[in-house]
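Notes follow the structure.
The values are calculated or read from the model by the stated rules, or taken from the named source; none is laboratory data. Just so it is clear, the model here is predicted, and its values are computed rather than measured. Cβ sites come from the backbone with ideal geometry, for glycine too, and all protein chains shown count toward neighbours.
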Amino acid sequence: MQVPETFDYERASTVEDAIQRLTAHGDEARVIAGGHSLLPMMKLRLAVPEVLIDINDLPGLDHVRLDGDELAIGALVRHAAILDDPILGEHYPIFADAERKIADPLVRNRGTIGGSLCQADPAEDLSAVVTALKGSCVIQSANGRRTVPMREFHTGPWETAVGDAELLVEVRIPVRTSVGSSYHKVERRVGDWAVAAAGAFVQLDGDTIAAVGLGLSAVGAPDMTCPDAEQALVGGPASAEAFAEAARIVHDAVSPTADQRGPVDYKRHLAGELTRRALTDAARRARSGSDPVDSEEGNA
Amino acid sequence: MEVTITVNGTAVTRDVEPRMLLVHFVRDELGLTGTHWACDTTNCGACTLWVDDTPVKSCTMLAVMADGHTVRTVEDLDTGGQLNPLQEGFMQEHGLQCGFCTPGMLMTGQWLLDRDPDPDEATIREAISGNLCRCTGYENIVRAVRWAAEHGNGEAEATDDDASADVETSDEVTA
Ligand SMILES: Cc1cc2nc3c(=O)[nH]c(=O)nc-3n(C[C@H](O)[C@H](O)[C@H](O)COP(=O)(O)OP(=O)(O)OC[C@H]3O[C@@H](n4cnc5c(N)ncnc54)[C@H](O)[C@@H]3O)c2cc1C
Ligand code: FES
Ligand code: FES
């Protein structure tokens with residue numbers, strides 16, 4: 001039977017209250033959102049916080065809305081809500097692509113986007129999605145709010161830019177026109193973490209790529225992306241050749257590690273091939289509006 | 001610390017350690033052993049119950065996190081001993097062998113039927129993908145959910161106070 005070490009439990013009522021409690025307890029305290037990464041770690045005693053601060057009741061963190069020229073996603077929005085959200089579906093189907101492959105419906109009923117990004121697991125999917133979309137993270141402390149680009153949010157595996165007495169409160173994604181996006185993931189079985197995954201957005205100006213973003217999960221890509229491949233694409237044609245070349249750059253740039261999910265060569269192959277598929281589907285969606293793309297990875 | 005949780009319609013108050021998992025709260029504190037507990041790693045779904053009308057894996061939630069919330073367990077599916085159509089479907093279609101996964105399957109399946117009274121096979125398989133079964137190969141579980149869909153799904157009617165709806169449900173069940 002897996003039982004966490006003892007701890008004190010406090011339930012915060014507002015963002016300010018949570019920050020006050022975090023300040024009072026210092027690095028002894030951890031916030032808990034969905035708890036679907038933290039509790040398994042506590043049960044294995046890989047995490048031993050002395051105080052847990054429950055943020056599930058905080059008002060104003062469960063929104064998805066258009067806010068000026070950005071989409072704003074509250075830190076407490078759960079996977080299930082992201083999967084079904086009409087605004088995200090309209091602007092960025094990459095979210096639903098990824099969510100369909102994250103864990104299972106029951107886990108998705110609890111896990112939050114904030115917890116996912118803050119867990120900073122190198123195989124995490126939403127982090128790769130927000131990285132692909134060149135989103136940013138709004139962090140709140142007693143001194144106010146600051147915004148950190150997603151690509152600087154993870155400071156190492158399982159480490160983030162969020163300080164001891166801070167909370168991630170919102171994720172923001174720029175709204176773009178003539179854009180398509182897509183996510184491709186290979187998993188060993190339904191609900192498992194990625195063997196490898198790649199996400200992309202492509203913004204078109206006619207047939208030319210005006211802007212592009214790549215997000216890579218589980219393949220040891222620095223900052224979960226590949227700027228060289230992005231640069232090679234921008235200003236060029238949205239063609240099969242260009243996407244194959246970007247895939248080749250990604251293939252050579254990543255540094256996956258061998259584990260029970262597969263050997264290095266296989267993961268490297270997947271990183272390239274899934275990049276190619278994500279770019280291809282993103283470009284197709286950019287041309288046609290957001291038609292759903294069937295993403296079976298059987299032949300990867 | 002003291003928690004008050006409304007379980008199957010009744011508010012219960014207990015003094016628990018913060019580290020007590022919700023699955024152990026319902027099983028050990030309340031004696032509601034219908035909710036099963038197996039993998040302990042958020043994978044198998046045997047511990048599935050509803051918190052605020054949403055199915056979750058209760059081995060991965062603290063009882064204190066459910067303080068002030070509602071919980072529904074498999075013990076609440078029948079009405080006075082009368083199985084609901086989903087439970088009946090599991091009987092009719094042999095949706096269980098050892099039965100260990102069944103409470104979780106029922107709680108997830110009922111949630112699906114409440115949201116989608118006529119789910120196709122792919123939808124059912126996706127919905128139960130967080131609930132593992134080592135016996136049936138899932139085929140009969142899918143059929144059991146379909147049986148319920150084809151026999152009134154009953155949940156809405158069964159909890160309805162309207163007498164005619166109750167009669168309708170029991171007709172369907174005994175048909
Ligand atoms: C069986 C299983 C399968 C899974 N499969 C996948 C998968 O395929 N892909 C995938 O990407 N994920 C997967 N996950 C992880 C899942 O997505 C988690 O829900 C997610 O990683 C964490 O979200 P949470 O809200 O549960 O966070 P919690 O567990 O509550 O917290 C995680 C960490 O983030 C911190 N934190 C949480 N919210 C905030 C905040 N607002 N501000 C600052 N810090 C915060 C916590 O202190 C903790 O350190 C899986 C999980 C399980 C149990
Ligand atoms: S015991 Fe909870 S998921 Fe297996
Ligand atoms: S019936 Fe035995 S695990 Fe499902």
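Annotations for the structure displayed:
- Meets criteria (farther than 28 Å from residue A:6 by Cβ and either within 14 Å of chain B (Cβ to nearest Cβ) or touching a residue at least 60 places away in the same chain (Cβ under 8 Å) (or both)) for residue A:73: yes
- In the range A:1-18, the residues that are in a helix (DSSP H, G or I) and either within 12 Å of chain B (Cβ to nearest Cβ) or buried (at least 20 other Cβ atoms within 10 Å of the Cβ) (or both): A:18
- Some residue of the range A:220-231 being within 24 Å of residue A:102 (Cα to Cα), at pLDDT 95 or above, hydroxyl-bearing (Ser, Thr, Tyr) and touching a Lys or Arg at 6+ places or on another chain (Cβ under 8 Å): yes
- Taking the range B:30-50 as the range and being among the β-branched types (Val, Ile, Thr), farther than 13 Å from residue A:36 by Cβ and within 10 Å of chain A (Cβ to nearest Cβ) as the test, only B:48 passes.
- Elements of type helices (runs of 4 or more DSSP H) contained in the range A:182-288, each with 1 or more residues being of a type in the set (S, T, N, Q) and surrounded by 23 or more Cβ atoms within 10 Å (Cβ to Cβ): A:264-288
- Any chance residue A:83 is in contact with a Lys or Arg (Cβ under 7 Å, 6 or more places away or on another chain), within 14 Å of another protein chain (Cβ to nearest Cβ) and modelled with pLDDT of 95 or more: yes
- Listed by first and then second residue, the pairs linking a residue in the range B:58-71 that is more than 7 Å from chain A (Cβ to nearest Cβ) and over 15 Å from residue A:34 (Cα atoms) to a residue that is in a helix (DSSP H, G or I) and of a type in the set (Phe, Trp, Tyr), with Cβ atoms under 6 Å apart and 6 or more places separating them unless they lie on different chains, form an empty list.
- Consider the range B:97-131 and keep the residues that are in a helix (DSSP H, G or I) and of a type in the set (Ser, Thr, Tyr). The one that is nearest to ligand 2 (Cβ to nearest atom) is B:108.
- Residues that are surrounded by fewer than 22 Cβ atoms within 10 Å (Cβ to Cβ) and either aliphatic (A, V, I, L, M) or more than 20 Å from residue A:197 (Cα to Cα) (or both), drawn from the range A:140-151: A:140, A:141, A:142, A:143, A:144, A:145, A:146, A:147, A:148, A:149
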